[in-house]
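Here is the structure we will look at.
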Amino acid sequence: MNAPEFIQLRVKRQDNPTSKPYWEDIKIPYKPNMNVVSVLMEFRKNPINTKGEKIDPIVWECNCLEEVCGACTMLINGVPRQSCSALIDKIYEKYGSDKPIVLAPLTKFPVVRDLMIDRQIMFDNLRKVKAWVQVDGSWDIGRGPRMADRVHEWAYPISRCMTCGCCMESCPNVNSKSNFIGPNTIAQVHMFNAHPIGEMQKEKRLDALMGPGGIQECGNAQNCKRVCPKGINLTMSIAAVNRQVNKRALQRMFDK
Amino acid sequence: MSSAKKSSFYIRRIHSLVGLLPIGIFMIVHFLINSTVFINGNESYLAAVNFMKTTPGVIFLEVGLIAIPLLFHAIYGLYVVYVAHNNALQYKYYRNWAFYLQRITAILTTIFIVIHVWTLRLAVHDSQMVIQTLVGWLQNPVTLAFYIIGYLAAVYHFGNGLFTFLITWGVAKGDRAQKVLSIICFCVFLALAVWGGGLLYSLAQITF
Ligand code: SF4
Ligand code: SF4
Ligand code: FES
């Protein structure tokens, strides 16, 4: 790859949650080993766009800078991924260094400003399905049995979910017409239902997943698994939880 | 946000179920009955059509096992089509194309079945007239193309639907299971496509 003189970006901006989006072209001098976040940081030191106008620095979100918090997720050349781990040199290897890198906010979440989006819906969804191990109560539950290795083996990867929203972004059934809870939440149910103590809330989780916008809204496009940066086997979890909810439906019909 | 405050869980599960049973199974029975044309053309086919039409109580089967499930599957299915925000051009994965095709074939199959049922079941009743009408459609290149698109859409929708059925009902869980079953379902589609093609070909050869 020939090192270009500048790193050029085309950024989809939006001044506030309700205003119209527009495109902004910016560039900074090329340096090796940068990532999208470091480019944006560099740019805000001297925010002048390619037309030479002084502009407001571009707003985005990031925390961990090591692909574990999910906050910096955006569309980079149309692909939902974390901007902190999006290496410029790698992007150039794939797309060529002559074209600007296109940044846009995720489309399935409300835009706060520029590339910053509001992921609250995913946290609300996790709350709906009680995606935690409930130990607080009137008495001590104790430690519970250990998780078997064979369970741990598939459950651990699910715990690496960072609620980044890539799977939601790629899912054709997550959109403004639907209230689908999304694949990541289903995988969390799969994991917490397998936990020896988490299992105590299993029915409640399944009931929530059978509710409005629940697992039934999945149409098996399986994009979610393909885009997950943590390599979580979402489609396996969806099928596994399908088994659980079907059984639960029978229980609800015949157990009382 | 969807206006649906109530859960669609049961209606979705029923939608998935009736797609296979009775609708998918009916399609195969339908192909089997059509296959009498392979024996000796019009003669055996006419006998089969006559037999179906004169079986007592067949109307109850037609309404209860075919018309009602089919109407439900089609009408609720159109809503399912409407709810998706297709993105196959952005995420060009095989399964995503299948998801998109499942929705396109849903619409094509619905149009095809409405016309097919109207022209051959509701508009004409005499068995020989039914066969003549059908053969007439198959001997005209434009309407033949309509039939080819229609049956291919239907059998694709069935094959792919069978695979998603297996996920929805929790059968195909692991990666290997999903892969093997998706190949098997694709073979079901191919087999039905060849079978249906053979049927159309033989039916178009009928002379009176
Ligand atoms: S499942 Fe994967 S893509 Fe989805 S939110 Fe979790 S880490 Fe992100
Ligand atoms: S498999 Fe289900 S959850 Fe995953 S992208 Fe497809 S429709 Fe969405
Ligand atoms: S900043 Fe945490 S994932 Fe990128």
Where A:MET147 falls short, out of the listed (1) outside any loop (DSSP other than H, G, I, E, B); (2) among the aliphatic types (A, V, I, L, M); (3) buried (at least 16 other Cβ atoms within 10 Å of the Cβ); (4) more than 13 Å from the chain's Cα centre (by Cα): (1)
Does the range A:38-58 hold any residues that are surrounded by fewer than 18 Cβ atoms within 10 Å (Cβ to Cβ) and β-branched (Val, Ile, Thr), and which are they? A:ILE48, A:THR50, A:ILE55
Can you confirm whether the range B:198-205 contains a residue that is away from every other protein chain (no Cβ under 14 Å) and not in a helix (DSSP H, G or I)? yes
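Can you find, within the range A:106-129, the residue that is nearest to ligand 2 (Cβ to nearest atom) among those that are open to solvent by less than 60 Å² (accessible area, probe 1.4 Å) and under 26 Å from A:ASP207 (Cα atoms)? Let's see the steps before the verdict.
To start, the set of residues in the range A:106-129 that are open to solvent by less than 60 Å² (accessible area, probe 1.4 Å) comprises A:106, A:108-109, A:111-112, A:114-117, A:119, A:122, A:124-126, A:129.
From what's left, under 26 Å from A:ASP207 (Cα atoms): A:108-109, A:119, A:122, A:124-126, A:129.
On the way: A:LYS108: 11, A:PHE109: 15, A:ARG119: 17, A:MET122: 13, A:ASP124: 17, A:ASN125: 12, A:LEU126: 15, A:VAL129: 14 Å.
Ranking the candidates gives A:LYS108 first.
Scan the range A:153-178 residue by residue and report those that are more than 12 Å from ligand 2 (Cβ to nearest atom) and more than 11 Å from every other protein chain (Cβ to nearest Cβ).
Result: A:GLU153, A:ALA155, A:TYR156, A:PRO157, A:ILE158, A:SER159, A:ARG160, A:CYS161, A:MET162, A:THR163, A:CYS164, A:GLY165.
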Could you say which residue among B:LYS53, B:LYS5 is of a type in the set (Lys, Arg), within 14 Å of chain A (Cβ to nearest Cβ) and either outside any helix (DSSP H, G or I) or over 19 Å from B:GLY161 (Cα atoms) (or both)? B:LYS5
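Scanning the range A:215-239 for residues that are among the small types (Gly, Ala, Ser) and open to solvent by 10 Å² or more (accessible area, probe 1.4 Å), which turns out nearest to ligand 3 (Cβ to nearest atom)?
So, considering only residues that are among the small types (Gly, Ala, Ser) and open to solvent by 10 Å² or more (accessible area, probe 1.4 Å), the one nearest to ligand 3 (Cβ to nearest atom) is A:GLY231.
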Scanning the range B:91-143 residue by residue, those open to solvent by less than 70 Å² (accessible area, probe 1.4 Å), within 14 Å of chain A (Cβ to nearest Cβ) and not hydrophobic (A, V, I, L, M, F, W, C) turn out to be B:TYR91, B:TYR93, B:ARG95, B:ASN96, B:GLN102, B:ARG103, B:THR105
Taking the range A:77-99, which residues are closer than 17 Å to A:MET34 by Cα, away from ligand 3 (no atom under 12 Å from the Cβ) and crowded, with 19+ Cβ neighbours inside 10 Å? A:ILE88, A:ILE91, A:TYR92, A:SER97
Between residues in the range A:179-203 that are within 13 Å of chain B (Cβ to nearest Cβ) and within 16 Å of ligand 2 (Cβ to nearest atom) and residues that are at pLDDT below 95 and part of a loop (DSSP other than H, G, I, E, B), which pairs lie under 6 Å by C-beta distance while being six or more apart or on different chains? A:ASN179/B:MET1; A:ASN179/B:SER2
Residue count, the range A:59-76, condition away from ligand 1 (no atom under 14 Å from the Cβ), in contact (Cβ under 8 Å) with a residue 12 or more places away in the chain and closer than 17 Å to A:ASP118 by Cβ, comes to 4
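The values are calculated or read from the model by the stated rules, or taken from the named source; none is laboratory data. It should be emphasised that the depicted structure is a prediction, and the values quoted were computed from it without experimental measurement. A quick note on method: Cβ atoms are made from the backbone with ideal geometry, for glycine too, and the neighbour counts reach across all protein chains shown. We work out accessible area using only protein heavy atoms, side chains counted, and drop any ligands, DNA or RNA first. Shrake-Rupley method; radii C 1.70, N 1.55, O 1.52, S 1.80 Å.
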